[in-house]
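Down below is the structure, laid out as structure tokens.
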Amino acid sequence: MKSTIIALLLMLCCIYRAQSQENDTVRKSGIDKLNLLSTHPFGIYISRISQNFKKSAVGQIRMRLQQQSGNVFQPQLTAYLPENPTVREDFSNTTWFFRVFTYQDQETTPTQIFEFEFDAVLKVYRVDLEIPVSDKSELQIGVRSFTAVKGNYPFSYFSSDSSIEWFHSNVAGGEDAFGRRFYGLNQVNFEYTDANDRQLSMDQGELFLGGIEASYHYYPEIEWLKNKNVFTNVSFHSGWNTTRFNRSIDIGFSANLLKEWNVKNGDFWKLGLGGSVLRKNVLEFDQNVDLGNNDYLASGEIMLEWTDITNNGNYNSIGVNYQEQTRYRKKAEEDYVYLEGDWSSINAGWHNAYTTLFESLSSWTIHFTHGRQRIQYFVYVKEDLKVNNAPDLESGIGVRFKL
């Protein structure tokens, strides 16, 4: 597998070469972007929805290739959810880190028990086809796969433990802010056991076919919106999750708006705003691992992009994207959970593997596109400013071209 940094350099070489080639007239249909869904240790097993900020359907088949690289670090943690109503009531009146609980056995102290350890750089690979159906609609079919790697140089230059801890030590965060050095840098420890004793794990370099996804995008022409340079689309989504840990079907719906402002020299600003709702595991084909007891995942996304048209008719775009996703687990569990981890050895975040599951997840992304008539190149960097390390720093590259 090619490293992120090598692929990035190759892509930049292609961009500069493209600048010197023959003139093309570029038709830019909305905001061109990669799939910016995070490399979350639960999310990669689910067919989550990425917002579509295009304003019209493709005229011919296009293919998009993408690689994501995200650093996930959530150390060993055991979460206990006591079944006893008296214990739950007592816990609800006690701050979570002052709660005291001793598990004996399921007969004496009936309890739901979850065990977590996520420490890896997750590589996600996506291949998508955009197929025209009519002037106002298209079908998108995609495949996602993923693997867990140690993150050694140069294969994960930006998202490795070493790079992140160098930043913490020398720029911001402090020495070993989250315990990566304490547990050891650049390792793969990826294990999760749910309350039904079903286990999920990934070994170093083990490649999974995560799922096959299909989306139908419809682009209605609403005249009064079009006169204001506002465009909209609606989409229906389905996904077949294929790993041995989650064999299921997800379905969802999304809606998006795009606003354009033209400025001097043909350059322009674009603002995309969208939301989606996903119903997880509508159909299940096995006794799947519990990836959260919220059946629905809602998400919202907003992106502002500026585009500069070059002298030879190509374009460069830079955008800022913000995403928010609802929680994986029900927030009520916060009132009665007891957590057991190595809190004395870690400066912060020892509890993140569970506590972030009943919080909404958010991230900021800087996204760059270079576009020509037949091909676009993409690079992005994503950061979770809530610092839940699922993932921490993430980078991605991609290319989209006509067939």
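The values are calculated or read from the model by the stated rules, or taken from the named source; none is laboratory data. The structure presented is a predicted model; accordingly, all values stated were derived computationally and were not measured. Using ideal geometry, Cβ is built from the backbone for each residue, glycine included, and neighbour counts are taken over all protein chains shown. Accessible surface is based on the protein model in full, side chains and every heavy atom, while ligands, DNA and RNA are left aside. Shrake-Rupley method; radii C 1.70, N 1.55, O 1.52, S 1.80 Å.
Spot the failing condition for THR307; the list is (1) open to solvent by less than 60 Å² (accessible area, probe 1.4 Å); (2) at pLDDT 95 or above, and only one is missed.
Status for THR307: all satisfied but (2).
Which of the residues that make up the range 343-372 are open to solvent by 50 Å² or more (accessible area, probe 1.4 Å) and modelled with pLDDT under 85?
Matches in the range 343-372: TRP343, SER344, ASN347.
Among the residues that make up the range 179-199, is at least one of them more than 26 Å from GLY349 (Cβ to Cβ) and either assigned to a loop (DSSP other than H, G, I, E, B) or modelled with pLDDT of 95 or more (or both)?
We begin by selecting, within the range 179-199, every residue more than 26 Å from GLY349 (Cβ to Cβ); these are 196-197.
This time we only want the ones that are either assigned to a loop (DSSP other than H, G, I, E, B) or modelled with pLDDT of 95 or more (or both), so: 196-197.
Yes, the range 179-199 has at least one match.
Here's the yes/no breakdown for (1) among the basic types (Lys, Arg); (2) part of a strand (DSSP E or B); (3) at pLDDT below 95:
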residue: ASN265; (1), (2), (3): no, no, yes
residue: GLY274; (1), (2), (3): no, yes, no
residue: ARG279; (1), (2), (3): yes, yes, no
residue: VAL282; (1), (2), (3): no, yes, no
residue: GLN287; (1), (2), (3): no, no, yes
residue: ASP290; (1), (2), (3): no, no, no
residue: ALA298; (1), (2), (3): no, yes, no
residue: GLU301; (1), (2), (3): no, yes, no
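Counting only residues that are under 21 Å from the mean Cα position of the chain (by Cα) and hydrophobic (A, V, I, L, M, F, W, C), which one in the range 206-231 is farthest from THR242 (Cα to Cα)?
Residue satisfying both the conditions and the ranking: ALA214.
Scan the range 245-276 residue by residue and report those that are without any contact (Cβ under 8 Å) to a residue 24 or more places away in the chain and among the aliphatic types (A, V, I, L, M).
Passing the criteria: ALA255, VAL263.
Condition first: open to solvent by 20 Å² or more (accessible area, probe 1.4 Å) and of a type in the set (Val, Ile, Thr). Now tell me which residues in the range 60-111 satisfy that.
Passing the criteria: ILE61, THR78, THR86, VAL87, THR94, THR95, VAL100, THR102, THR108, THR109.
Under 7 Å between Cβ atoms, at least 6 apart or on separate chains: pull out the pairs that start in the range 313-333 with a residue that is within 15 Å of PHE378 (Cβ to Cβ) and in contact (Cβ under 8 Å) with a residue 24 or more places away in the chain and end on any residue that is of a type in the set (S, T, N, Q) and assigned to a loop (DSSP other than H, G, I, E, B).
ASN316/THR310
I'd like the residue in the range 307-366 that is β-branched (Val, Ile, Thr) and in a helix (DSSP H, G or I) and, out of all such residues, is farthest from PHE98 (Cα to Cα).
THR356
When the residues of the range 373-403 are narrowed to those that are among the hydrophobic types (A, V, I, L, M, F, W, C), closer than 17 Å to GLN323 by Cβ and not in a strand (DSSP E or B), which ends up most open to solvent (accessible area, probe 1.4 Å)?
First, pick out the residues of the range 373-403 that are among the hydrophobic types (A, V, I, L, M, F, W, C): 375, 378-379, 381, 385, 387, 390, 393, 397, 399, 401, 403.
From the residues that got through so far, the ones that are closer than 17 Å to GLN323 by Cβ too are 378, 381, 385, 387, 390, 393.
In the following step, the residues that additionally are not in a strand (DSSP E or B) were identified as 385, 387, 390.
On the way: LEU385: 117, VAL387: 60, ALA390: 7 Å².
Among residues in the range 373-403 that are among the hydrophobic types (A, V, I, L, M, F, W, C), closer than 17 Å to GLN323 by Cβ and not in a strand (DSSP E or B), the one most open to solvent (accessible area, probe 1.4 Å) is LEU385.
If the requirement is being of a type in the set (Ser, Thr, Tyr) and open to solvent by less than 20 Å² (accessible area, probe 1.4 Å), which of these qualifies: THR243, THR232?
Selected residue: THR243, the only one of THR243, THR232 that is of a type in the set (Ser, Thr, Tyr) and open to solvent by less than 20 Å² (accessible area, probe 1.4 Å).
Report the residue count in the range 110-143 for those that are in contact with a strand residue (DSSP E or B) (Cβ under 7 Å, 6 or more places away or on another chain) and over 30 Å from GLY43 (Cα atoms).
The first filter runs over the range 110-143 and keeps only residues in contact with a strand residue (DSSP E or B) (Cβ under 7 Å, 6 or more places away or on another chain), leaving 111-133, 136-143.
Filter once more, keeping what is over 30 Å from GLY43 (Cα atoms): 136.
The total comes to 1.
If you check TYR216 against the conditions, is it in contact with a strand residue (DSSP E or B) (Cβ under 6 Å, 6 or more places away or on another chain), of a type in the set (Ser, Thr, Tyr) and exposed (fewer than 15 other Cβ atoms within 10 Å of the Cβ)?
Yes.
Could you grab me the full set of residues in the range 62-78 that are modelled with pLDDT under 95 and hydrophobic (A, V, I, L, M, F, W, C)?
Those that are modelled with pLDDT under 95 and hydrophobic (A, V, I, L, M, F, W, C): VAL72, PHE73, LEU77.
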